[in-house]
Ligand code: GLP
């Protein structure tokens, strides 16, 4: 779906998430959201916060699982996704702290393998993800599933692509400070969500969105794996659609 502006599109996506939260609340069920970081979802979170403040949207039945975190990365570090999510969403709504799940960037290397298995199991224990919000990296990554990621991959540690580290360099004041690794949900984890919305804004996403939407399904552009998910929408603005 192509919108004139990312603001307009973000409001529609936030409305869909809010409707799902209310539907699940009416059924007395948790609403399990898979959440993304990066600049793309910021306006969606801003709109959800506005709905919480002005319309009484409650997050008390919301359980969240974030896609990824740099590794190693402390929670207090301002570049952490933990910090990002609290700054843009969690600090401003009534979500219960025990309902927030973000991969722990400080887990010991020896415990990492089991930690990732447990993250996956925790998602399943809630009956899976009801809704997964995604951005896209210029390598075609979703979460931090870089080129080469397997279709059935689960939560795991991954080595970041040079392009991804270069894109993150300004936030870290130089590429040398960008971690070389991350923990990410897998393609299989993402695709198990009942509903997926991928956001893409601006000219610098136009090329990768063309490959993602019109190219062949391939592990060298992991986002192409979304093509055969039966409830995925690519929500993009007119600039991002310019190569389609
Ligand atoms: C990071 C995140 C991704 C995100 C991507 C794009 O790599 N791990 O989940 O989609 O950045 O970020 P942006 O939305 O800022 O373009």
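Just so it is clear, none of the values below were taken in a lab; they were calculated from the coordinates. The shown structure was predicted, so the numbers you read here are calculated from the model rather than taken from an experiment. Heads up, the Cβs are rebuilt from the backbone with ideal geometry, glycines too, and the neighbour counts pull from every protein chain shown.
Set the Förster distance to 25 Å, then compute FRET efficiency between residue 204 and residue 233 from the Cβ-Cβ distance, nearest 0.05. Don't skip to the answer; put the middle values down first.
Values: r = 21 Å, r/R0 = 0.84.
With R0 = 25 Å, the Cβ-Cβ based efficiency is 0.75.
With viscosity set to 1.002 mPa s at 20 °C, what whole-number translational diffusion coefficient in µm²/s follows for the range 23-102 from Stokes-Einstein and a Kirkwood radius over Cα pairs? Present the calculation step by step, with values, prior to reporting the outcome.
Working: Rh = 13.2 Å.
The Stokes-Einstein estimate is 162 µm²/s.
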Using 0.36 nm per residue of separation minus the Cα-Cα distance, give me the extension gain between residue 111 and residue 60 in nm, one decimal. 15.3 nm
Based on alpha-carbon centroids, what's the gap between the range 186-244 and the range 40-63 in Å, whole number please? 24
Overall Cα dimensions of the range 71-191 - principal axes, largest extent first, Å: 39, 35, 30
Count the DSSP beta bridges whose two residues both fall in the range 2-237, then state the antiparallel fraction as a percent rounded to the nearest 5. 35
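Which shape class applies to the range 14-56: rounded if a/c is under 1.5, otherwise prolate when a/b exceeds b/c and oblate if not, where a ≥ b ≥ c are the square roots of the Cα gyration tensor eigenvalues?
Values: a/c = 2.89, a/b = 1.44, b/c = 2.01.
Oblate, since a/c reaches 1.5 and b/c is not below a/b.
How long is the gain from residue 177 to residue 218 if the chain were fully straight, where each residue apart is worth 0.36 nm and the alpha carbon distance is subtracted?
Between residue 177 and residue 218, full extension yields an extra 11.7 nm.
Going by a ≥ b ≥ c, the root eigenvalues of the Cα gyration tensor, does the range 154-227 fall in the rounded group (a/c under 1.5), the prolate group (a/b larger than b/c) or the oblate group? Show your work: numbers first, answer last.
Details: a/c = 2.08, a/b = 1.33, b/c = 1.56.
Oblate, because a/c is 1.5 or more while a/b does not exceed b/c.
Does the range 75-141 come out rounded, prolate or oblate, given a ≥ b ≥ c as the square roots of the eigenvalues of its C-alpha gyration tensor, rounded meaning a/c under 1.5 and, failing that, prolate meaning a/b above b/c? Can you show the working numbers first?
Working: a/c = 1.19, a/b = 1.12, b/c = 1.06.
Since a/c stays below 1.5, the shape of the range 75-141 is classed as rounded.
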Simple label model, 7 Å out from Cα along Cβ direction - residue 242 to residue 22, nm: 3.7
Dimensions in Å of the range 2-237 - Rg and Dmax from alpha carbons: 16.7, 49
As a check on your grasp of the helix formula, calculate [θ] at 222 nm for the chain: sum -39500 (n - 2.57) over DSSP H runs of n ≥ 4, divide by the residue count, round to the nearest 500. -9500 deg cm²/dmol
